[in-house]
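Chemist: Please find one structure pasted underneath; my questions will follow.
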Amino acid sequence: MSLTPAVPSLTTVTDPPSKVETELLILPVFEEDPLDDVPGLVDASGGQILRAQDSKELRGRPYEFFLTPVSGWSAPRVALVGAGKREEFDTERMRRTATAAALAARVRRVRRIAWVLRGDVDLRAAAQAAAEGLVLASFSIDRYKSVEKGGPPAEEIAIVVPPGRGDEARQAIERGRTLGECCNLTRELCNEPSNVLTPRELAARAAAIASGTELQVDVLDEHDLERLNMGLLLGVGRGSDERPRVIVLTHTPRASAGGRAGTHVLGLVGKGITFDTGGISIKPAEGMDRMKTDMSGGAAVIGAMRAISLLDAPIKVIGIIPAAENMPGGRAIKPGDVLTGAAGKTVEVINTDAEGRLILGDALWYAKELGATHLVDVATLTGACVVALGKVASGLFGQPEEWVDVVRKASSVAGDRAWPMPLYDEYAEQLKSEIADMINSGGRPAGACTAAMFLKEFAGGLPWAHLDIAGTAWAEDAKPWQPKGPTGVAVRTLAELAFTSETWK
């Protein structure tokens, strides 16, 4: 059983659509679209496209899929995929439409497809988004099924660009392919059962994913963590026979990018709880199986670090993934226990199910120790964030506002929706302890905000942002562009962020 998801070959084609050799030629189609920029297509369909438009079978609404044979073209069939109103067609719609089209082709077991770039989006942005979307469709959640249910992914994908613009699009397409591949690697990790993906195995997978790049890989074991006084992480892992790990991936630019490349160091921290029972404050049995995905933030950092290295980001980036199992047991931490973190702060444990913020506290401290000047952490941290924002946006917290805005803009470009949330000083009142520096849970009111406020204590005044992806890391309902399962959220955001240092303060 391969541990690496399939990656299709991706090529750039500048031939007219009628001359493209493929099994299925796919075009986005808009509402009230005459298709006059694709010469000969309507006639080649033998009137089928006009008939479908007249009968409203084909209206161009988002993610409709209309398939027709064509005559006299190199491709035997053409698929038209609804893209909505032309004036609303942007890179996010391009990405999603491309994914929906490639997934529809999978169901029909088509192995060679070609995507025709259409619309008014900048060519490079469109080419990258299309490549990302087409590659994202190659992920399968069926690894542990004896029979692939969704059909095999396409083996060969061509992206058709206007004549004379192939060189311009080629680099963007390769960038999109890399980002799509790294998202799929993250989704693969998130889909693994916890009896397979232990903290030690997550470290081994991270090293394997880093192979073929110039990332430096370091793994800290329990002895290293004791030497560093990471009492918060060690406390969370105490109830499990599986010992905690800290995975460190470091990207150093291959060549100077000039400007601020030598002054900024981006620290990415991802929560790596490979299974979360809640510990002594045990979770309800219903839905606990999904807690295998409590390492989604760590997986996102691993995938992003691979992309950052392959794309050679112009600044140094350090990825840190604290990994542990949160289990009940004879040595497990108990409500009322006091832990001391590497930063010297003491924490009274009120709820052992508020463990993610504990391990992130030690990891944020370590990122600073390794020289990070700007921090972002990613975590499936709170159910409260799901209550606040649902499944369509991640919560975004941080300091100062200028840094939060940089991260928000990166998420928008990447197609990962993130919504800014407040961090008022009053939230710290809910974290006061009678016997320690702070408690680890402020209770139900403003639960996502108090969790972020806890993390702020470990950012040490640096520019810091926290992405709560509890609602966005796993799709509960299938969409045309996203099957039920892991989404790979935040990979593209973190990778994009590494290329924006000229805007940082």
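Chemist: Full-extension gain between Asp289 and Ala208, please, as 0.36 nm times their residue separation minus the C-alpha to C-alpha distance.
Modeler: The span from Asp289 to Ala208 would gain 26.6 nm if fully extended.
Chemist: As I understand it, the value is the acute angle between the Cα axis of helix 166-191 and the longest principal axis of the Cα atoms of the chain; what does it come to in degrees, rounded to 10?
Modeler: So the inclination is approximately 50 degrees.
Chemist: Working with all protein chains in place, sort Lys484, Lys19, Lys292 by solvent-accessible area computed with a 1.4 Å probe, largest first.
Modeler: Largest to smallest exposure gives the sequence Lys19, Lys484, Lys292.
Chemist: Right, something else. Pairs Lys149/Lys391; Lys316/Lys409; Lys456/Lys505; Lys85/Lys479; Lys292/Lys484; Lys368/Lys432: which exceed 22 Å Cα-Cα?
Modeler: Pairs exceeding the cut-off: Lys149/Lys391; Lys368/Lys432.
Chemist: Counting only heavy atoms of protein chains, what accessible area per residue, in Å², does segment 71-165 have with a probe of 1.4 Å?
Modeler: So segment 71-165 comes to 40 Å² accessible per residue, rounded to a whole number.
Chemist: Ignoring any ligand, DNA or RNA, what whole percent of the accessible area of segment 1-104 comes from carbon and sulfur when the probe is 1.4 angstrom?
Modeler: 47 percent
Chemist: Can you give me the Cα centroid spacing of segment 336-390 and segment 268-307 in angstrom?
Modeler: Comparing the Cα centres of segment 336-390 and segment 268-307, I get a distance of 13 Å.
Chemist: Let me ask you something else. Taking the Cβ-Cβ separation of Arg109 and Lys391 as r and a Förster radius of 41 Å, what is the calculated FRET efficiency to the nearest 0.05?
Modeler: The pair Arg109/Lys391 has a calculated efficiency of 0.85.
Chemist: How much solvent-accessible surface does Arg143 expose, in Å² to the nearest 10, with a 1.4 Å probe and all protein chains in place?
Modeler: 40 Å²
Chemist: As a test, work out the antiparallel percent of DSSP beta bridges whose residues both lie in the chain, rounded to the nearest 5.
Modeler: 40 percent
Chemist: Sorting check: for 202-210, 343-351, which peptide has the highest mean count of neighbouring beta carbons within 10 Å, and how do the rest follow?
Modeler: The peptides rank, most packed first, as 202-210, 343-351.
Chemist: In deg cm²/dmol and to the nearest 500, what is the mean residue ellipticity at 222 nm of the chain if only DSSP H runs of at least 4 residues count, each as -39500 (n - 2.57), divided by the residue total?
Modeler: Counting only the DSSP helices, I get -9500 deg cm²/dmol.
Chemist: Sort 319-332, 29-42, 355-368 by packing, meaning the average of other beta carbons within 10 Å per residue, with the highest value first.
Modeler: Listed from highest to lowest mean packing, they are 355-368, 319-332, 29-42.
Chemist: What does the extension gain come out to for Thr252 and Arg227, with contour length at 0.36 nm per residue minus their alpha carbon separation?
Modeler: The Thr252-Arg227 span can extend by a further 6.4 nm.
Chemist: To test your reading of the geometry: what angle, between 0 and 90 degrees and rounded to tens, separates the Cα axis of helix 447-456 from the longest principal axis of the chain?
Modeler: 70 degrees
Chemist: Right, next: What percent does the relative contact order of the chain come to when contacts are Cα pairs within less than 8 Å and at least six residues apart?
Modeler: 14 percent.
Chemist: Please report, as a whole percent, how much of the solvent-accessible surface of segment 175-311 comes from carbon and sulfur atoms (probe radius 1.4 Å).
Modeler: Reported share for carbon and sulfur atoms: 48 percent.
Chemist: Efficiency by 1/(1 + (r/R0)^6): what FRET value for Ala6 and Ile435, r their Cβ-Cβ distance, R0 = 56 Å, to the nearest 0.05?
Modeler: 0.55
Chemist: Please report the accessible area of Glu132 (heavy atoms, 1.4 Å probe, ligands and nucleic acids excluded) in Å², nearest 10.
Modeler: So the heavy atoms of Glu132 present about 0 Å² to solvent.
Chemist: On C-alpha positions alone, give me the angle between the axis of helix 91-107 and the longest principal axis of the chain, in degrees, nearest 10.
Modeler: Value to nearest ten degrees: 70.
Chemist: Extending each Cα 7 Å along its Cβ direction at Thr346 and Glu401, get the distance between those two points in nm, one decimal.
Modeler: 3.8 nm
Chemist: With a 1.4 Å probe and all protein chains left in place, how much of the accessible area of segment 404-505 comes from carbon and sulfur atoms, in whole percent?
Modeler: 52 percent
Chemist: While we're on this one: Determine the per residue accessible area of segment 364-505 with all protein chains present and a 1.4 angstrom probe, expressed in square angstrom.
Modeler: I get 41 Å² per residue for this part.
The values are calculated or read from the model by the stated rules, or taken from the named source; none is laboratory data. Being a predicted model, the structure only gives us computed values, none of them experimental. Glycine also receives a Cβ, built like all others from the backbone with ideal geometry; neighbour counts cover every protein chain displayed. For the accessible areas, the whole protein counts, side chains as well, though only heavy atoms, and no ligand, DNA or RNA atoms are used. Shrake-Rupley method; radii C 1.70, N 1.55, O 1.52, S 1.80 Å.
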